[in-house]
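What follows draws every value from the coordinates through simple rules; no lab data is involved. Please read these numbers as outputs of a predicted model, since none were measured by experiment. No Cβ is skipped: glycine too gets one built from the backbone with ideal geometry, and neighbour counts run over all protein chains shown.
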Amino acid sequence: MSNASDTHRTNPLLDAPEDRPCLLLVDDQAINIQTMYQIFHNDHEVFMATSGTQALEFCQNKQPDLILLDVIMPDLDGYEVCRQLKQDPLTQDIPVIFVTAQDNPTDEEKGLDAGAVDFISKPVNPKVVRARVRTHLTLKRQSDLLRSLAFVDGLTGVANRRNFDETLASEWRRSLRSGQTLSLIILDIDFFKRYNDHYGHQAGDLCLRAVANALRKCINRSHDLVARYGGEEFVCILPETPLSGAETMAHEMELAVRQLGIAHARSDIADVVTISLGVASAPNPRDEGPEKLISTADNLLYAAKQAGRGQYKTGSVV
Ligand SMILES: [Mg+2]
């Protein structure tokens, strides 16, 4: 993947291996697309569209990191394409740079009003267009990174509570549409207060991190989510998973944490850190929202603790 033009890429955010930025070139003239392709194909993944409609369709399937958009096109012009991209939550964060033969301030203003981040005039100067694209890709990566950090628990690196709340709400809506079972696991670390009192808060933090990591390793589908619910409590959202599948997951999680072998001298049930889990499924999700699923899982967690901890209890929302 290394080549001569890589030398100007000094920003570490852009240098992630296996991750070439994806560009979409939109122009109704094949020759213009060809020119741009020559400029970018070495260190970008380049896609092309020759009409506004084609560009919009492309973005519904795959969201490029940046779009270079011609203004004058026969069906939808660039302004309209840009406006439509900015109205759709799926595509609104993709930076758009207009590329146009016109270079009067009114047109530029119109482009920026439509939501473009920049304006480049044709014929393009390869150095200028490369530099502008690089700048906007960097800004895009940085804002993506900031957005993602706002959804991560700082101590453990798994999803935070806000991320959990939003994901559960959207997965609930998705299961309402699909009729598929949504499952939820709520768990917490057994005798964690005693652990903190005995080993200190720093050890407590390390323990939380190790447990979070073990839980994260148990999930293997991209749409499953492990989150820190608060304190020593974690949750796991399992979309399109029947109770039996969620039970298997709970079993694996219980075992994975036990096998970490973190010494716990103050536990009544084992020499090592263990967890208790409540596993609930909603086979017939209804309009009222996921609260019942949460309270069911929470009650089952309580039952697992009552039954002696270091185990899980399962049930369905009726
Ligand atoms: Mg044109």
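What Kirkwood Rh does region 161-316 have if only Cα atoms enter the pairwise 1/r average? Answer in Å.
15.6 Å
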Within straight-line cross-link reach of LYS193, lysines at Cα separation under 21 Å, skipping those fewer than 8 residues along the same chain: LYS305
5 angstrom amide H check on VAL158, placed H, neighbours 5+ away: ASP153
Shape parameters for the chain, alpha-carbon atoms, Rg then Dmax in Å: 25.5, 77
Spatially proximal lysines relative to LYS86 (Cα-Cα < 25 Å; intrachain offsets below 8 disregarded): LYS62, LYS110, LYS122, LYS140
Taking TYR302, TYR312 and counting other C-beta atoms within 10 Å, the order from fewest to most: TYR302, TYR312
Value of Rg/Rh across region 130-233 [Cα atoms, Kirkwood radius]: 1.10
Karplus-derived 3J(HN,Hα), 6.51/-1.76/1.60, for each residue of region 201-208, Hz, glycine and proline x: 6, 5, 5, x, 5, 4, 4, 4
Under-5 Å amide H pairs with VAL272, H placed in peptide plane, nonlocal only: HIS264
Percent RCO, i.e. relative contact order, over region 246-317, from Cα pairs under 8 Å lying at least 6 residues apart: 34 percent
Percentage relative contact order, region 161-316, counting C-alpha pairs under 8 Å, at least six apart: 31 percent
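Counting other beta carbons within 10 Å of each Cβ, put CYS22, CYS207 in order, fewest first.
Values: CYS22 17, CYS207 21.
Fewest-to-most Cβ neighbours within 10 Å comes out as CYS22, CYS207.
If we count every other residue with Cβ under 10 angstrom of ILE237's Cβ, Lys/Arg +1 and Asp/Glu -1, where does the sum land? Don't jump to the answer; show the numbers that get you there.
Working: positive: none; negative: GLU171, ASP224.
Here the count lands on -2.
Counting only C-alpha contacts under 8 Å and six or more residues apart, can you give the relative contact order of the chain as a whole percent?
Details: 550 pairs, mean separation 41.6, N = 318.
Relative contact order, the chain: 13 percent.
Provide ASP118, ASP27 in ascending order of the number of other Cβ atoms located within 10 Å of each residue's Cβ, fewest first. Show your work: numbers first, answer last.
Details: ASP118 19, ASP27 26.
Neighbour counts put them in this order, fewest first: ASP118, ASP27.
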For region 193-215 and region 278-318, distance of Cα centres in Å: 25 Å
Distant-in-sequence amide H partners of SER316 (H built 1.01 Å from N, under 5 Å): SER281
At q = 0.17, 0.26 Å⁻¹, base-10 log of I(q)/I(0) for region 49-137 (Debye sum, equal scatterers on each alpha carbon): -0.66, -1.48
Residue with peak Gaussian network fluctuation, the chain [Cα springs, cutoff 10 Å], from PRO239, PRO283, PRO126: PRO126
The chain: most fluctuating residue of LEU206, LEU225, LEU293 per GNM, C-alpha cutoff 10 Å: LEU206
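Rounded to the nearest 0.05, what FRET efficiency do ALA303 and SER121 give with R0 = 45 Å and r taken as the Cβ-Cβ distance? Could you check? Before the final figure, lay out the partial values.
Numbers: r = 69 Å, r/R0 = 1.53.
Working from the Cβ atoms, E equals 0.05.
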